[in-house]
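The structure appears below as structure tokens.
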Amino acid sequence: LLFCFFFQAEDGIRDAQESRGLGDVYKRQPLEFTQDPVAATQFGSAHGEVLDVTVTATDPGNHQLECIVKLTLIDTQAPVITVCPADRDILTNDGTCQGTVPDLLSELDQTDNCIIVNRVQQPAAGSLFGSAHNEILDVRMIVFDAAGNSDTCFVALTLKDNQKPEILNCPADV
């Protein structure tokens, strides 16, 4: 981009010099380039933020041309789940052979270079699962940043049937 700008600036300044009758005075003179903000300036805090950088070409006669270059911040760094909830046993609900998925989001911890915008638990808290003792459900925990980058971990829920069977119709003594 700057290479292309260099020749556009050089041609533009030469045209301006020639229109003022200065064509031979500054021929083959180097152009000085500056930019604002300067190189290595940090900017932005979120994916998609835009910074306008003004690049200026100046000849020895102080003739200038400016170009605006738009820099867009692109977040390619995924968030990192630093604490995934622990695997656990889930007791069956009274009178059924199903368990209820707990809310695990409060136990999830993560970090990101920008901003976390969404945290998801699949299946959601309150969902019923299972039909047998020791059945395992893997709950998927996902965090997303504003750029759509994500990290995932899994929590194993093991269904535990702790209810004694009941005899509903006991035959009469004979």
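Report, by chain and number, residues whose modeled amide H sits under 5 Å from the one on LYS160, excluding near sequence neighbours (fewer than 5 apart, same chain).
Placed amide hydrogens put ILE90, LEU91, THR92, ASN134 under 5 Å from LYS160.
Separation between the SER45 and ASN62 pseudo-spin-labels, each 7 Å from Cα along Cα→Cβ, expressed in nm?
It is 4.0 nm.
Using each residue's phi in the range 104-115, evaluate 6.51 cos²θ - 1.76 cosθ + 1.60 at θ = phi - 60° and report the 3J(HN,Hα) Karplus result to the nearest Hz, with x for Gly and Pro.
Once rounded to whole Hz, the list reads 9, 4, 5, 9, 7, 10, 8, 9, 7, 6, 10, 10.
For a quick check: with amide H placed at 1.01 Å from N, whose amide H comes under 5 Å from ASP87's, ignoring anything fewer than 5 positions away on the same chain?
Residues meeting the amide H criterion: ALA156.
Could you give each residue of the range 65-78 its phi-based ³J(HN,Hα) in whole Hz, using Karplus coefficients 6.51, -1.76, 1.60 with θ = phi - 60°, and x for Gly or Pro?
Each residue of the range 65-78 in turn: 10, 10, 9, 9, 10, 8, 9, 10, 6, 10, 8, 10, 8, 6 Hz.
For the range 31-131, which chymotrypsin sites (Phe, Trp or Tyr not before Pro) pass both filters: DSSP loop (anything but H, G, I, E, B) and at most 14 other C-beta atoms within 10 Å? Walk me through the numbers before you get to the answer.
Values: sites: PHE33, PHE43, PHE129; in loops: PHE43.
Of the chymotrypsin sites (Phe, Trp or Tyr not before Pro), the ones in loops of the range 31-131 whose Cβ has at most 14 other Cβ atoms within 10 Å are PHE43.
In nanometres, what is the gap between the two model label sites at GLU107 and ARG140, each 7 Å from Cα along Cα-to-Cβ?
My value for the distance between the label points is 2.0 nm.
Quick one: Karplus J couplings for the range 161-174, per residue in order, coefficients 6.51, -1.76, 1.60, θ = phi - 60°, nearest Hz, x for Gly and Pro?
Working through the residues one at a time gives 8, 10, 9, 6, x, 10, 9, 8, 10, 7, x, 5, 5, 10 Hz.
For an R0 of 41 angstrom, estimate the FRET efficiency from the Cβ-Cβ distance between ILE74 and ALA125 and round to the nearest 0.05. Present the calculation step by step, with values, prior to reporting the outcome.
Details: r = 34 Å, r/R0 = 0.83.
Efficiency for this residue pair is about 0.75.
Since every read-out is calculated from the coordinates, none of them should be taken as a lab result. Because the structure is predicted, anything quoted here is derived from the model rather than measured. Neighbour counts are summed over all protein chains in view; Cβ atoms, including those assigned to glycine, are modelled from backbone coordinates with ideal geometry.
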